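To keep things clear, I will list the structure first and then write my remarks on it.
The values are calculated or read from the model by the stated rules, or taken from the named source; none is laboratory data. It should be emphasised that the depicted structure is a prediction, and the values quoted were computed from it without experimental measurement. Backbone-built Cβ (ideal geometry, glycine too); neighbour counts: all protein chains shown.
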Amino acid sequence: MAVTIDLALYCANARLLAEFWKSALGYVEEIPAARYGTGEESFARFDVPAGDDGALLCDPEGAGPRLSILPVADRGTAADNRLHIDVRVPADGTAADQWERIRAEAARLVRAGGTIVATFDDHVLMADPEGNEFRVTVAPA
């Protein structure tokens, strides 16, 4: 039996990162599950203090993992990340076509608030507005 995963991103400004990652992934805000009642009760399960503004994002088609963006006072630095996100563009066409899609997606994410950290042969390393690194690359064929 296959399992599903959720991702959690700890940050200082959850609303800023929620807007960035909604744009980057095409995700939407998730309505809290009925068993939690409110967003505040839903975040309580992550030990986020009441009143802090986190975000629960999901794939509107239900295919991708949920992304919980949780504010924490002491998140450390971007180098402390133990997980990164790959933003994948379609792999069809030639290598030149794929690279053009990678470059176009990286440019779109810069306009959304991201920064380019480095460019490699097969991907662009970027950072979100709080410095969390992620890659823009092609989807597996």
The residue from A24, A8 that alone is aliphatic (A, V, I, L, M), modelled with pLDDT of 85 or more and out of contact with any Cys (no Cβ under 8 Å at 6 or more places or on another chain) is A24
Specify the residue that is surrounded by the most Cβ atoms within 10 Å (Cβ to Cβ); the eligible residues are those in segment 58-83 that are closer than 21 Å to A106 by Cα and modelled with pLDDT of 80 or more.
-> L67
Yes/no for T38 being at pLDDT below 55, closer than 27 Å to L109 by Cα and not basic (K, R) = no
Scan of segment 106-126 for residues that are surrounded by fewer than 19 Cβ atoms within 10 Å (Cβ to Cβ) and either under 18 Å from the mean Cα position of the chain (by Cα) or in a strand (DSSP E or B) (or both), ordered by number | A107, R108, V110, R111, A112, G113, T115, I116, V117, A118, T119, L125
When both residues are 6+ apart or on different chains and their Cβ atoms are under 9 Å apart, which pairs have a first residue that lies in segment 116-134 and is of a type in the set (F, W, Y), and a second that is not in a strand (DSSP E or B)?
-> F134/A24; F134/H84; F134/L109; F134/G114; F134/D128
